[in-house]
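Notes to accompany the following structure.
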Amino acid sequence: MSHLEITRGTQVCIKQEALQSTKKSKPLRAEHIHGKTVAFSLFMWVIVLLFLIPFYVLVVYAFKTREATMLNNPLSFPASLYLDNFSVAIDKAKLNVAFLNSLQATVLGTILLVVVCSMVAYIIVRKSRNKFYAIWQYIFLAAVMLPFQTIMFPLYKNLCNMGMLNNLYAYVLVMVGLQMPFNVFIYIGFVKTVPIELEEAAQIDGCGRYRTFWQIVFPLLKPITMTVIVLSVLAIWNDYQVALVMIKKSKVMTLPIAQQQFITAQISYLNLASAACIVSILPIFIMFIFLQKYIAKGIVAGAVKG
Amino acid sequence: MGCTFHRKVHPSTEFHVLYVWKEKPMKMRKFRHKLIDFTFLIPALILFFGVMAIPFFQGFGIAFTNWDGFSATYDVTGIKNFLDLFHDTQVYTAASNTLVYTLITCVGVNFLAIAIAVGLDGNVVGKRFLKSAMFVPIITSLVIAAFMWNRIYGEVFPTYLGIPSPLTFTAQVIPGISLVCLWRDTGLAMVIYNAGLQSIPEDMKEAARIDGANSLQIFRHITFPMLAPAFTTCVTLWLGYGIKVFDYPYVIVSGGMAKAATTLGVFVYRTFFTNNKAGYGQMAALVLLVIVVIVTSMTTRLLRRREVEA
């Protein structure tokens, strides 16, 4: 009972800390809104909107007919909303197979990454006085810097010899292996802040390592787990280089490779290609809207603490 | 008397229980615990060795041979591959392209990210929306980014600005690719600088303002020094990204201009999979690794020292 109460207490503490750190930016005060502020705001809006122009072009193209895309007025609004592009694009691109492959790879890979990285980070931190465990922290740090090109060909050859090219599960394992060092690093930074007293209490009550980890430590890691999930989803969903090396058959193709093929094939139908692009951005965009605060936190955790 | 009886029996039973429980199978239990702890490491080790460590060491075996990547036989040629790199004009093109790309993106991303992060830290209406909007480019896949920018360069630039697409000129193709990277990565760097800005105490700036410092002086003497750790991280990160870059030039430029847009990363890839020179490519990849390690570790050390001084 006692350790349960402590757990809840710490969770509240951590949540409050997190709240304080996110709410730090000061609110706008009424006396500050005058001409200068308006001008400066306008200036910042213009700059940021410049960054969004490519999306505007994409959306405008997706609603135009093919003839309209050739009129040399790429920024103009479509004369009428031509919705057929989307149905034709989805039909023609056959992106649904690639979409399911990407979804499968992303979900599997993310789950694996969370499980593997949290476990290894936990044991590295808790046994840091043991040299055998402590050294892995440095090995993983060095591995973050390793360019993929250095291991690309031997890895390709090994997979080829094992007959694991064009295998979605092998692809997932490779992605997990490549993403692991970075995510372990993010987790290590966070596990260090988890108080050890809770685990000691649990162990005295007879909890083994596994139960202690999954029932007490892992729930406390939730904020950073969300971050790792978001970063892994982005990394695997958008991966191009590894998929390019490992996957050639259309049956196991992931979305970026399929997009590339579709765009190359339909380059004279810009409206269709644009519609296909929008359709394949949407899922990740929706995820972003719901989880954006974790993205920001995660990059900071990985970059500044690392 | 009842009291003493209680005191005598209760601790002794507990002691007894502990004694039996702990002493006898101590060694076995300790070993079992160690084994259980080790299982936490096993999945990570399997993945690490399978995906990274073993291929990494195999790479050294390939780099000193003239293997083409698929034949059963090959000769060990020693450091010939290494020397050949210096006589290859393609390597020089790739190296200078990589240098230009890395300089533009590293300077540009950090400059833009600091400017926009500091700008959005001030009194701006709707800054939370703007901060989120800055991040949207990074969530789009590079393939789509390349498609969008081909529209911008190919159609918007000539129509509205009267500038032909930079991707059609040998001299402008790398700056053109760099601009896409600036567009996509600035939001990412901005998030890191944002965190640095949050850690600056507001009263410090307030005090400087009361003492008569203008915005520029505050930025020069307070904001920028306080951003030093984030600056170190970002510069090192984007130097590394720049030197290793493969996907930006590979995806954005296709066809005839692809040769002019070759970076070291693309050169390694083509040597492996188009030219079938595995030994040579692996040597180039190892040289790339050495460059990345030297450049990033030197910048980190240099910038960390500056942090301390500031």
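The values are calculated or read from the model by the stated rules, or taken from the named source; none is laboratory data. Keep in mind that what you see is a predicted model, and the values were worked out from it rather than measured. Positions of Cβ are backbone-derived with ideal geometry, glycine not excepted, and every protein chain shown enters the neighbour counts. Surface accessibility is based on the protein's heavy atoms, side chains included, excluding ligands, DNA and RNA. Shrake-Rupley method; radii C 1.70, N 1.55, O 1.52, S 1.80 Å.
Across the range B:61-76, what is the number of residues that are touching a residue at least 12 places away in the same chain (Cβ under 8 Å) and surrounded by 13 or more Cβ atoms within 10 Å (Cβ to Cβ)?
Here the count works out to 9.
Filter the range A:162-207 down to residues that are assigned to a loop (DSSP other than H, G, I, E, B) and within 11 Å of another protein chain (Cβ to nearest Cβ) and give me whichever is surrounded by the most Cβ atoms within 10 Å (Cβ to Cβ).
Result: A:MET164.
Across the range A:127-141, which residue is nearest to the other protein chains (Cβ to nearest Cβ) among those that are among the hydrophobic types (A, V, I, L, M, F, W, C) and open to solvent by 60 Å² or more (accessible area, probe 1.4 Å)?
A:PHE132
When you scan the range A:226-234, do you find a residue that is open to solvent by 50 Å² or more (accessible area, probe 1.4 Å) and among the hydroxyl-bearing types (Ser, Thr, Tyr), even just one?
no
A:MET119 passes all but one of (1) open to solvent by 10 Å² or more (accessible area, probe 1.4 Å); (2) touching a Phe, Trp or Tyr at 6+ places or on another chain (Cβ under 8 Å); (3) more than 8 Å from chain B (Cβ to nearest Cβ); which number fails?
(3)
Looking only at the range A:249-267, which residues are open to solvent by 40 Å² or more (accessible area, probe 1.4 Å) and part of a helix (DSSP H, G or I)?
The initial filter retains those residues of the range A:249-267 that are open to solvent by 40 Å² or more (accessible area, probe 1.4 Å), namely A:249-251, A:260-261, A:264-265, A:267.
Those that are open to solvent by 40 Å² or more (accessible area, probe 1.4 Å) and part of a helix (DSSP H, G or I): A:GLN260, A:GLN261, A:THR264, A:ALA265.
Could you list, in sequence order, the residues of the range B:79-99 that are in contact with a Ser or Thr (Cβ under 9 Å, 6 or more places away or on another chain) and assigned to a loop (DSSP other than H, G, I, E, B)?
Passing the criteria: none in range.
Would you check which residues across the range A:53-81 are at pLDDT below 75, open to solvent by 70 Å² or more (accessible area, probe 1.4 Å) and touching a helix residue (DSSP H, G or I) at 6+ places or on another chain (Cβ under 8 Å) and list them?
A:ASN72, A:ALA79
Which number in (1) surrounded by fewer than 22 Cβ atoms within 10 Å (Cβ to Cβ); (2) within 25 Å of the chain's Cα centre (by Cα) marks the one condition that B:MET190 misses?
(1)
Got a number for residues in the range B:116-140 being open to solvent by 10 Å² or more (accessible area, probe 1.4 Å) and not in a helix (DSSP H, G or I)?
Here the count works out to 4.
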